[in-house]
Amino acid sequence: MASSSTAASSSAAAAAYPRTPFSLRRRPGLLAFLFVFLCFISFQVVIHVPSARSAVSQWLFSGHQGEHQRPKNCPGCGNSQDVGSADKTIAYTDQYGRIKLFKVTAREFASSSIWENPWLPRDSQPIARTQEAAEDLLLANGSEATNLSSAETLETKSVDPIKLKRQVFRRRRKEQRVQELLQVDKKVELEMRNAAINSSRNFDNKVRGSYNIWRPEFRLTNTDSTLRLMKDQIIMAKLYATIALSQKEPDMYALLMKCIKESQTAIGDALIDSELDSSALERAKAMGHVLSSARDVLYSSSEVSRKLRVMLQSTELDIDAVKKQNSFLVQHAAKTVPMPLHCLHMQLTTDYYFRDGVTKEHFHDAALKEEENKAKLEDRSLYHYAIFSDNVLAASVVVRSTVTNANEPEKHVFHIVTDRLNFAAMKMWFIAHPPQLAIVHVENIDNFKWLNSSYCSVLRQLESARLKEYYFKAHDPSSLSDGNENLKYRNPKYLSMLNHLRFYMTEIHPMLDKILFLDDDIVVQKDLTPLWDIDLKGMVNGAIETCKESFHRFDTYLNFSHPKISENFDPRACGWAFGMNMFDLKEWRKRNITGIYHYWQDLNEDRKLWKLGTLPPGLITFYNLTYPLNRTWHVLGLGYDPAVDIAEIDNAAVVHYNGNYKPWLDLAISKYNPYWSNSIKNSSNAKISNTSPHVLIKKNVAGLEITVDD
């Protein structure tokens, strides 16, 4: 009975309290509700209880640690993993109490990050070893040290082993190089040092033609876009005007001509947009509307194309005419004597022939001095210069600049040859303004009795009818009107024998062994006496070479289509310059230089070998007889090239104003003028006295005031 009652009671209890799992499985909605409720309660506890929040963070952090062995020298450290492959999970709460998680790897930490044991107090954390300790470990263990244990890595900074290996390699290479240098022989060391010095000396750190858009000079502050637009509109308006006139559209023609006139008035002499008239933009808009209307009415592609070709041909002809006129005017201006220089010559000539008391005293002193210095004119121990010029002021600059820079001016002798027209003025200038201590001897070319047409080829050719036709007859086939010849070859200087006297040095100076030839458009900046000590190695002429790549070689000056030229000369031979030339007169006489010059000058009577001038026959005469001097002795280009390097000019012994823009002309390049004008600064304001009480007029030549009588 007891057992039956017990069973009955248990069955009743089971019926009254059925098992929960079976009932929950039958009710999945209730199970989900309970799970969500528990999560919500847990989340609220974590949010509002700081200790619970901290425990959760620590549990989450420790839950992501790898199962590695704890290092022996880090008591209390939890399980850790290798730094390079470890993933770190960071847990934190935001301002609203929500838990945030994110993962990073050890490579994403800074090189200064250190692993810490979160379970130990901060004061008991192990001290991280420095990067130097890791390097020492790598040096001690070699390649095996790259396999550092996880424990050692946890104690150090996160350092890349490859980087450490590279640093070790550099250190070893440096030590090896030091050992090699210590074992180098002193002779080898000296050679290495000299090579380094030469390399540094030859290094050119100059930047040529540099350009930077940020420089102020390259900023396009003043544009001309509107100006060019208006000029293009005028061209098209003229085109449509001619078409309108041919198609009998008088209204359109009148409107176009009116707009053309208004646009030309608005443009005026403007070169940039800022110089345009204030109404220019409105005129351009109005012209645009008119051109649009004209296009709709008059446009025909074939007609417009034909008219444009006609306008292009006409413009090309105009440009050719302007170029020819410009070339003629430049040549004319370059060879015309400026009024101040002409007045100076006239004043000096007048003083020479009509001498007052003061001038007579100058003449008396000059005559005595000339008599005393007569023997020095042929003294081979002195330094002799040859100057052929008809320009008083230019010759005085050459003499004064040479004497000023000479170490021993009393040993310098200047032989100046001029023509009959300028002899009195040249003589008078150096009587009134004698250079200090130096000797100046002025001669008249007409006194050279040996210089006649029977001996001199150029004089004989100047008397020929063919050359007179070339220079003076407009109907000659090579005249200016036909434009077949370069105008510079028609320069009157080629008619002057002063230009050809350089080929007669031994006739003019029969007793001298060496002489330095100087042009009258040069300025001397250094002592020239070392030129006499240069060994020309059997050559006759010492000069600087002017060839650069393909420029200034023989084929530039000579006609190599002629068999006489092509058979005897190399077209790639380097050219050289007249202007400062050291002539060895002993070798000159031995090789009969004047005879060679006469031979080739006779062959060129019809100007088939070269055009007129002295440089082509000079290149032929001194072919294989020219010794190249250092370029610092002679810098050229100041008479035509505005881009000559100022440093080269300042370092040169002689600067040469070769070209049309001579320093005494208004055409001169202004930045080069001081080199010339400074040489006559002391005598530029000097007045050549005259007994007549004339009014004094100050003339200006290249920035210098010259006082002459009117």
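Each of 309, 420, 591 has its accessible area taken with a 1.4 Å probe; listed largest first, they run 420, 309, 591.
For residue 188 and residue 535, what does the FRET efficiency come to when R0 = 22 Å and r is the distance between their Cβ atoms, rounded to the nearest 0.05? Calculated value: 0.05. Convex hull volume per residue, computed on the Cα atoms of segment 493-555, equals 167 Å³. For segment 296-430, evaluate the Debye formula with one uniform point scatterer on each Cα (no solvent term) and list log10 I(q)/I(0) at q = 0.16, 0.21 Å⁻¹, rounded to two decimals. Evaluating at q = 0.16, 0.21 Å⁻¹ gives log10 I(q)/I(0) of -0.99, -1.32. Multiplying each eigenvalue of the alpha-carbon gyration tensor of segment 287-331 by 5 and taking the square root yields semi-axes of 35, 13, 4 Å, largest first, rounded to whole angstroms.
Computing FRET efficiency as 1/(1 + (r/R0)^6) for residue 261 and residue 599, where r is the C-beta to C-beta distance and R0 is 51 Å, gives about 0.15. Take the Cα of residue 247, step 7 Å toward its Cβ, do the same at residue 408, and the gap between the two points is 8.9 nm. Extension gain, residue 371 to residue 281: 0.36 nm times the residue separation minus the Cα-Cα distance gives 24.5 nm.
Heavy-atom accessible area with a 1.4 Å probe sorts 587, 545, 463, largest first, into 463, 545, 587. Too long at a 28 Å Cα-Cα cut-off: which of 360/662; 376/427; 335/537; 586/611? Checking Cα-Cα distances, 360/662; 335/537; 586/611 exceed 28 Å. Taking only the Cα atoms of segment 228-355, the ratio Rg/Rh comes out at 1.32, with Rh defined as the Kirkwood radius. Rounded to the nearest 0.05, what FRET efficiency do residue 443 and residue 320 give with R0 = 56 Å and r taken as the Cβ-Cβ distance? Could you check? Rounded to the nearest 0.05, the efficiency is 0.80. Does segment 613-674 come out rounded, prolate or oblate, given a ≥ b ≥ c as the square roots of the eigenvalues of its C-alpha gyration tensor, rounded meaning a/c under 1.5 and, failing that, prolate meaning a/b above b/c? Here segment 613-674 falls in the oblate category.
Of the residues 252, 428, the one with the largest accessible area comes first in the ranking 252, 428, computed with a 1.4 Å probe on protein heavy atoms.
Farthest toward the positive end of the dipole of segment 546-679, out of 670, 594, 618, is the Cα of 594, where the dipole comes from beta carbon charges about the Cα centre.
How far apart, in nm, are the 7 Å Cα→Cβ label points at residue 453 and residue 313? Going from the residue 453 label point to the residue 313 one covers 4.8 nm.
In a fully extended conformation the segment linking residue 560 and residue 300 would gain 88.4 nm over its present Cα-Cα distance, using 0.36 nm per residue. All alpha carbon pair distances within segment 371-474 were sorted into 5 Å bins beginning at 0; the resulting P(r) in whole percents reads 2, 11, 18, 18, 16, 12, 9, 7, 5, 2, 1.
The values are calculated or read from the model by the stated rules, or taken from the named source; none is laboratory data. Given the structure is predicted, the values throughout are model-derived calculations rather than measurements. Glycine also receives a Cβ, built like all others from the backbone with ideal geometry; neighbour counts cover every protein chain displayed. Ligands, DNA and RNA are stripped out before the accessible areas are found, and what is left, the full protein with its side chains, is counted by its heavy atoms. Shrake-Rupley method; radii C 1.70, N 1.55, O 1.52, S 1.80 Å.
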